[in-house]
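Since the structure comes first, as structure tokens, the remarks are kept for the end.
The values are calculated or read from the model by the stated rules, or taken from the named source; none is laboratory data. Given the structure is predicted, the values throughout are model-derived calculations rather than measurements. Cβ: placed from backbone, ideal geometry, glycine included. Neighbour counts: every protein chain shown. Each accessible area value is taken on the protein alone, full model and side chains, heavy atoms only, with ligands, DNA and RNA left out. Shrake-Rupley method; radii C 1.70, N 1.55, O 1.52, S 1.80 Å.
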Amino acid sequence: MQNELFEKEEVKKPATGLIIIKPQNNSLSKQQQTFNKLIKKIEKLRSELEEVGISLNDKLEYYGKYIYPLEQQLIELKKEGAKLLYRFFENKKLLPKNQRQSLGKMIAAQLDVIFKSQQGEPDDELKEIFEVVEGVSYEEAAKEDFDIMKSEMESMFEEFGFEMNFDDFHSSMTEEEIIKKAKEMEEQIKQQAYEKNEKKTARKKSKKQLEKEEKERQIEEARTKNIGSVYRQLAKLFHPDLEQDEELKLQKEELMKQLTIAYEKNDLHTLLSLELAWIQKEENNSGQLADDKLCIYNEVLKEQVYELELEINEMLQHPRYRPLQKFTMFAYQIKSVNLSYEKQQIESMKKNMAKDISQLKGNEKQALRTVKEIIRSFEVEIKSQIDFSQFFS
């Protein structure tokens, strides 16, 4: 079941080739130039969207096949290692006070990694170890962390002017319940934003505001009319029932499907691709689109540019790609993520940890020497982190 989460998804290729060609002995108008720039931008973004989608699916498949199993094996080794190290922390006579304190911090850090990485509740032995080294029960610590997160979320929403109720938000919620709650909150935010906008628009408006709104209304009306006009015009041309030739009929059936999907999605780029392709084929005059019509189209195309940029930026945030979020913050950087290097690093950690565990299981003298080496490495790592933070403070 787990491996199914990392299977590839089909990524559709974008349509290309939509452009207004410069007429002979004539130059393109400003609106035509803007149209071409926007079309090129959209096609570039669609290609980028396709490439990012392919890279994400490839990386996710590689992660599921090679890295995820290694991570699970490493977590099991960390659990075993934490339990073995705890024996030396528990016996106060084996280590000096300062080394014992460092060992406690190291075990706590190890448990933090384990708890964040594993699914479900930790076993009772790890919970007991956590309570001793942290001085608080696992359940109390989990509740405290959850309450802090909830408080931060409440503050964040208040800062943006939204009133959200977190009373039924609790630490024992399942992932499905959290997703459901997140969707409910999303709807509440939309509703509150709508109500705020309604209150804002209900206030007395200046002449300039009214003129702006009227212009926007006219643009929206013209846009809807023009997009609907394109659809109706092409629907007549592509309707398969009017075609006698069987081969052409099949072609028109496919074109009709594309046209209907594009119209339902308000996908102006695809509608225009079909319209201009027909114009160029039938009349060889792609410059016939009037500037007033192009002005409307350009407004819609600008929106599509924004939506495509937003879609690319948010791709990595999809729950499907959550395993990849630890390797990069941005979807456009996913192609440069070297997962084979990450695999080698985990394999190296596994090898070193297995070696340490083997030595911790050896005779008491050898095990104690290994513990002291591990503590020394941990202290050096902590000191380097402190020095590094001071360097940038």
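Annotations for the structure displayed:
- Listed values for region 118-126 are Karplus-derived 3J(HN,Hα) couplings in whole Hz (6.51 cos²θ - 1.76 cosθ + 1.60, θ = phi - 60°), namely 7, 9, x, 6, x, 6, 4, 5, 5, and x replaces Gly and Pro.
- Square roots of 5 times each gyration tensor eigenvalue, C-alpha, region 89-131, largest first, Å: 24, 11, 5
- The Cβ shell under 12 Å around Glu247 holds other residues with a net charge of -3, Lys and Arg each +1, Asp and Glu each -1.
- With all protein chains modelled, accessible area of Thr328 [1.4 Å, Å²]: 20
- Across region 80-91, coupling constants 3J(HN,Hα) worked out from phi with the 6.51/-1.76/1.60 Karplus curve, θ = phi - 60°, read 5, x, 4, 5, 5, 5, 4, 4, 7, 6, 5, 8 Hz, and Gly and Pro carry x.
- Test item: Cα-centred dipole of region 92-176, Lys/Arg +1 and Asp/Glu -1 on Cβ, debye: 1100
- For Lys257, the aspartates and glutamates whose Cα comes closer than 20 Å to its Cα, not counting residues fewer than 8 places off in the same chain, are Glu10, Asp241, Glu243, Asp245, Glu246, Glu247, Asp267, Glu275.
- Computed across region 58-118, the Kirkwood hydrodynamic radius from all distinct Cα-Cα pairs reaches 13.1 Å.
- Of all lysines in the structure, the ones whose alpha carbon falls short of 23 Å from that of Lys208, not counting any fewer than 8 places away in one chain, are Lys196, Lys199, Lys200.
- Cα gyration tensor, region 310-393 - rounded (a/c under 1.5), prolate or oblate: oblate
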